[in-house]
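Right, one structure below, let's go through it.
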Amino acid sequence: MTDTTPYQPPRVWRWQQPNGGRFANINRPVAGPTHEQDLPRGKHPLQLYSLGTPNGQKVTILLEELLAAGHAGAEYDAWLIRINEGQQFGSGFVGVNPNSKIPALLDCSGPEPVRVFESGAILMYLAEKFGAFLPAEGARRAECLAWLFWQMGSAPYLGGGFGHFYAYAPTKIEYAIDRFAMEVKRQMDVLDRRLAESRFMAGDDYTIADIAIWPWYGGLARGTLYEAGEFLQVHEYTHVVRWAHDIAQRPAVRRGRIVNRVVGPPEQQLHERHDASDFDTRTQDKLQAGT
């Protein structure tokens, strides 16, 4: 469908409500809190405030990987932030992340709490804190960080661009979908060429670069993101598909991807996580089966 309605931008843009779309009720052109709301605190040094979106999954996957690798200090409380209800605009959350986006982390292991926001920054902070999943120096570290920041710069085209206009916009606009579909396919080609020469994004070792990229582009390759696999012909990117399915089999990934998740089958949702025992027997059986 081609949008033939002419649009002339006004000389001065003004916020008009409602503007339609799935997230119209929480989008606004100003920052800051809308209401007073303290954040809960659990028993662990690491307090995560998040939602099981691709950006949220990055952090819970890394935390579960750290625990699986024996880093007991990575135990965490994961609190659910329901962004459709505007909980990210509460005063407590804004105090941890002034940008009002999930995920947000509070590290209470030291004399003063340390706030960390932006998913890529959280991954890097945790990897450096525990000395894991990030090469210590040299070319391998540079490669890992390059792909980490590639994801941070590229994902808005996939999520806020393609995903918005393809899946969420109230009106299907051919130009917008074509523009962002073209860029997403180019990005998938970038990944496919890299993964044709390397097992993981930064080389032979699994790193925070893979953890950052997988929830977005791995989800696309596996057909779980926007249900756009056929539309984008993702099966053509065979190396991305191989990489995506390999990572999906990791037990820590299976656990991390369901934390703070509120969509899908009930056994694939763990709204809050405060202890390893929160992954109950039914959930563990499903995760072991790879569903």
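Observations on the model:
- Lone qualifier among Val262, Val253, Val240 - being at pLDDT 95 or above and in a loop (DSSP other than H, G, I, E, B): Val262
- Hits in region 126-137 (condition: free of Cβ contacts under 8 Å to residues at least 40 places away in the same chain and under 22 Å from Ile247 (Cα atoms)): Glu128, Gly131
- When Ala24 is tested against (1) in a helix (DSSP H, G or I); (2) at pLDDT below 90; (3) not aromatic (Phe, Trp, Tyr), only condition (1) is not met.
- Filter result for Gly203 (in contact (Cβ under 8 Å) with a residue 60 or more places away in the chain, touching a Lys or Arg at 6+ places or on another chain (Cβ under 7 Å) and not polar (S, T, N, Q)): yes
- Odd one out for Asp205, checked against (1) part of a helix (DSSP H, G or I); (2) under 22 Å from Leu145 (Cα atoms); (3) not basic (Lys, Arg): (1)
- Enumeration of residues in region 173-185 that are touching a residue at least 60 places away in the same chain (Cβ under 8 Å) and exposed (fewer than 13 other Cβ atoms within 10 Å of the Cβ): Glu174, Tyr175
- Complete set of residues in region 121-144 that are among the aliphatic types (A, V, I, L, M) and surrounded by 19 or more Cβ atoms within 10 Å (Cβ to Cβ): Ile122, Leu123, Met124, Leu126, Ala127, Leu134
- Residue list for region 212-229, filter: over 15 Å from the mean Cα position of the chain (by Cα) and in a loop (DSSP other than H, G, I, E, B): Arg222, Gly223, Glu227, Ala228
- Check on Ile247, in contact with a helix residue (DSSP H, G or I) (Cβ under 6 Å, 6 or more places away or on another chain), modelled with pLDDT of 95 or more and closer than 19 Å to Ala127 by Cα: yes
- Close pairs (8 angstrom Cβ cut-off, 6 or more residues apart or separate chains): under 15 Å from Gly163 (Cα atoms) and without any contact (Cβ under 8 Å) to a residue 40 or more places away in the chain in region 206-232, in a loop (DSSP other than H, G, I, E, B) and small (Gly, Ala, Ser) anywhere: Gly229/Gly223
- Within region 127-171, the only residue that satisfies the criterion of being at pLDDT below 95 and polar (S, T, N, Q) is Thr171.
- One residue stands out in region 64-98 among those that are closer than 25 Å to Phe130 by Cα and free of Cβ contacts under 8 Å to residues at least 12 places away in the same chain: the one that is surrounded by the most Cβ atoms within 10 Å (Cβ to Cβ), namely Gly70.
- Of the residues screened, Leu48 is not one that is assigned to a helix (DSSP H, G or I), touching a helix residue (DSSP H, G or I) at 6+ places or on another chain (Cβ under 8 Å) and either modelled with pLDDT under 95 or buried (at least 16 other Cβ atoms within 10 Å of the Cβ) (or both).
- From the list Pro103, Pro156, Pro113, the lone residue that is surrounded by fewer than 17 Cβ atoms within 10 Å (Cβ to Cβ), free of Cβ contacts under 8 Å to residues at least 60 places away in the same chain and in contact with a Leu (Cβ under 9 Å, 6 or more places away or on another chain) is Pro113.
- Failed item in (1) surrounded by fewer than 20 Cβ atoms within 10 Å (Cβ to Cβ); (2) in contact with a strand residue (DSSP E or B) (Cβ under 8 Å, 6 or more places away or on another chain), with Ala209 passing the rest: (1)
The values are calculated or read from the model by the stated rules, or taken from the named source; none is laboratory data. The model shown is predicted, which means the values in this text are computed figures rather than measured ones. Note that each Cβ is placed from the backbone with ideal geometry, even for glycine, and that neighbours are counted across all protein chains shown.
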